[in-house]
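For reference, the structure discussed in these notes is given below.
The values are calculated or read from the model by the stated rules, or taken from the named source; none is laboratory data. In this text the structure is predicted, and so the values were computed from the model without any measurement. Cβ coordinates were reconstructed from backbone atoms using ideal geometry, including for glycine residues, and neighbour counts include every protein chain displayed.
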Ligand SMILES: [Ca+2]
């Protein structure tokens, strides 16, 4: 009888262990977090469709999900209670992985909508919860995905409240008049007295993105159409691009993603998967590069006359690209060459860009980090080396990449991990070394100072 009892105990114990293991692996599978992705998780993600995994999460994991939601709700209530106060949430010391960079990170509330991760980060609704910022003189200007505009004075980051001021604008009036459904703001950029915004919208013809601009002032921003891309797509996608940057000779730059129309990307008779320069007076445009997928970061190196962009690859293959444009359209390879792989079917991408007449990325990431905005601090030492600052969504990090004087060689790399924060936007203030970041999970404004 004793033996039978023991046997029974062992069976019960092993059953519990097996159940525990299954729950643990499933939890790993559907919970967010770049660093948790081991080979087993990646394999399970491949074999279990996202929809089923989400259903399991919402029914089976109701308690951890609710607990997680509860934490968020507490923060959100606090956020709404303080409205435009911009209260300091926390102040923590934080170091990069290889300890090259040490910061005191300050985090302040911003009065905009948070991204809802239960909806899935790529949902259409969440596209209106991606917010952007720029530095304008002594002020930091922010615009929400829904088109709200606010600012605060730089000095306020020394205090406990940013005390945002609202600037009214006519974005919603434009949407109403034109009968557009808003797809969200995709970037803001200050240039020579004007604010430029890229606006995603949907009308009878489908989805598209245009640029509007307004004379900058702190009372009212009256936006007018600046440039129509006349590029349409029929189904919602995150592969939109939309970054705006100052360029030479009275021009600005704009990135337009492939919006899944990959067959069009390699030809020059359309704007899918391109970076274009737009003349500010004539409003005429030129293609400066093609072969892009979803360019979420854009920076122009004035002294070197180089256009730098970051872009999302497919599964893996996020890239940092350098374009020394000399009148000939540069080709960055998509959808022919990529270091990533297809999500659904097995497509064989060419790997080498150089050997196939495309421009090789300076850097690529496998797995993807969800690469976003890119800023560059030039001439950081006596060797005239430069520092790339790259924000990432999926990897919740800022990457610091030190490169040679000619931007052709990587000297070292480091990474600052900021737990549970997708970092949508990033601006570097070269006057005092402050880095401003948009964290989209809270959402909040992160501030660190680069010494
Ligand atoms: Ca490429």
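Would region 99-119 turn up any residue that is buried (at least 16 other Cβ atoms within 10 Å of the Cβ) and more than 22 Å from residue 436 (Cβ to Cβ)? Spell out the reasoning first.
Taking region 99-119 and keeping what is buried (at least 16 other Cβ atoms within 10 Å of the Cβ), we get 101, 103, 105-115, 117.
Applying the additional criterion that residues be more than 22 Å from residue 436 (Cβ to Cβ) yields 117.
So far as region 99-119 goes, yes, one or more of its residues are buried (at least 16 other Cβ atoms within 10 Å of the Cβ) and more than 22 Å from residue 436 (Cβ to Cβ).
Step by step: first the residues of region 328-360, then only those that are more than 11 Å from the ligand (Cβ to nearest atom), assigned to a loop (DSSP other than H, G, I, E, B) and at pLDDT 95 or above, then the one that is farthest from residue 49 (Cα to Cα). Which residue is that?
328
Return yes when residue 317 is in contact (Cβ under 8 Å) with a residue 40 or more places away in the chain, within 11 Å of the ligand (Cβ to nearest atom) and in contact with a helix residue (DSSP H, G or I) (Cβ under 8 Å, 6 or more places away or on another chain) and no when it is not.
no
What is the number of the single condition among (1) more than 16 Å from the ligand (Cβ to nearest atom); (2) modelled with pLDDT under 95 that residue 269 does not meet?
Condition (2) is where residue 269 drops out.
Of the conditions (1) in a strand (DSSP E or B); (2) under 21 Å from residue 131 (Cβ atoms); (3) more than 16 Å from the ligand (Cβ to nearest atom), residue 218 satisfies every one except a single condition; which number is it?
(1)
Of the numbered conditions (1) surrounded by 14 or more Cβ atoms within 10 Å (Cβ to Cβ); (2) within 16 Å of the ligand (Cβ to nearest atom), residue 422 satisfies every one except a single condition; which is it?
The single condition residue 422 does not satisfy is (2).
Go through (1) within 16 Å of the ligand (Cβ to nearest atom); (2) under 17 Å from the mean Cα position of the chain (by Cα); (3) within 22 Å of residue 127 (Cβ to Cβ) and name the single condition residue 259 misses.
(1)
Kindly evaluate residue 195 against the criterion of being outside any helix (DSSP H, G or I), farther than 20 Å from residue 242 by Cβ and either in the same structural domain as residue 445 (by TED's automatic domain parsing) or modelled with pLDDT of 95 or more (or both).
On the way: outside any helix (DSSP H, G or I): yes; farther than 20 Å from residue 242 by Cβ: no; either in the same structural domain as residue 445 (by TED's automatic domain parsing) or modelled with pLDDT of 95 or more (or both): yes.
When the stated conditions are applied, residue 195 does not pass them.
I'm checking my understanding of the structure. Among residues of region 278-303 that are part of a loop (DSSP other than H, G, I, E, B), more than 16 Å from the ligand (Cβ to nearest atom) and at negative phi, which one is surrounded by the most Cβ atoms within 10 Å (Cβ to Cβ)? Quick ask: steps written out before the conclusion?
In the first step, residues of region 278-303 are kept if they are part of a loop (DSSP other than H, G, I, E, B); the result is 280-284, 291-293, 302-303.
Keeping just the survivors that are more than 16 Å from the ligand (Cβ to nearest atom) gives 280-284, 302-303.
Pick out the ones that are also at negative phi and you get 280-282, 284, 302-303.
Details: 280: 18, 281: 7, 282: 9, 284: 10, 302: 10, 303: 7.
Looking at residues that are part of a loop (DSSP other than H, G, I, E, B), more than 16 Å from the ligand (Cβ to nearest atom) and at negative phi, I get 280.
Among the residues of region 351-373, what is the count of those that are over 18 Å from residue 267 (Cα atoms) and over 23 Å from the mean Cα position of the chain (by Cα)? Don't jump to the end; show me each part of the working.
Start the filter on region 351-373 by keeping residues that are over 18 Å from residue 267 (Cα atoms), which leaves 351-352, 354-355, 360-373.
When the remaining residues are screened for being over 23 Å from the mean Cα position of the chain (by Cα), the result is 351-352, 354-355.
Residues flagged as over 18 Å from residue 267 (Cα atoms) and over 23 Å from the mean Cα position of the chain (by Cα) within region 351-373 amount to 4.
I'd like the full set of residues that are away from the ligand (no atom under 16 Å from the Cβ) and outside any loop (DSSP other than H, G, I, E, B), limited to region 244-256. Break it down stepwise before answering.
Step one: of region 244-256, the residues away from the ligand (no atom under 16 Å from the Cβ) are 244-254.
Passing the criteria: 244, 245, 246, 251, 252, 253, 254.
Considering each residue of region 304-327, count those that are part of a loop (DSSP other than H, G, I, E, B) and more than 28 Å from residue 378 (Cα to Cα), and give that number. Let's see the steps before the verdict.
So in region 304-327, the residues part of a loop (DSSP other than H, G, I, E, B) come out as 304-305, 313-314, 316-317, 324-327.
Still in the running and more than 28 Å from residue 378 (Cα to Cα): 314, 316.
Counting residues in region 304-327 that are part of a loop (DSSP other than H, G, I, E, B) and more than 28 Å from residue 378 (Cα to Cα) gives 2.
Would you check which residues across region 202-220 are surrounded by 13 or more Cβ atoms within 10 Å (Cβ to Cβ), free of Cβ contacts under 8 Å to residues at least 60 places away in the same chain and under 23 Å from residue 166 (Cβ atoms) and list them?
Listed by number, the residues that qualify are 212, 213, 214.
Which residue pairs have Cβ atoms closer than 6 Å, lie 6 or more positions apart in sequence or on different chains, and pair a first residue in region 357-383 that is farther than 14 Å from residue 313 by Cα with a second residue that is surrounded by fewer than 17 Cβ atoms within 10 Å (Cβ to Cβ)?
Final answer for the pair search is none.
Can you tell me which residue is surrounded by the most Cβ atoms within 10 Å (Cβ to Cβ) among those in region 235-253 that are over 21 Å from residue 312 (Cα atoms) and free of Cβ contacts under 8 Å to residues at least 40 places away in the same chain?
Pass one, region 235-253, residues over 21 Å from residue 312 (Cα atoms): 246-252.
If we keep only those that are free of Cβ contacts under 8 Å to residues at least 40 places away in the same chain too, we end up with 249-251.
Values: 249: 7, 250: 12, 251: 21.
Per the criteria, the residue is 251.
Name the one entry in 444, 382, 404, 392 that is farther than 22 Å from residue 151 by Cβ and either buried (at least 22 other Cβ atoms within 10 Å of the Cβ) or not assigned by TED's automatic domain parsing to the domain that holds residue 310 (or both). Even if it seems obvious, please write down each step before you answer.
Numbers: 444 fails: farther than 22 Å from residue 151 by Cβ; 382 fails: either buried (at least 22 other Cβ atoms within 10 Å of the Cβ) or not assigned by TED's automatic domain parsing to the domain that holds residue 310 (or both); 404 fails: either buried (at least 22 other Cβ atoms within 10 Å of the Cβ) or not assigned by TED's automatic domain parsing to the domain that holds residue 310 (or both).
Selected residue: 392, the only one of 444, 382, 404, 392 that is farther than 22 Å from residue 151 by Cβ and either buried (at least 22 other Cβ atoms within 10 Å of the Cβ) or not assigned by TED's automatic domain parsing to the domain that holds residue 310 (or both).
Tell me which of these residue 400 doesn't satisfy, since it passes every other one: (1) at pLDDT 95 or above; (2) within 16 Å of the ligand (Cβ to nearest atom).
The one condition residue 400 does not meet is (2).
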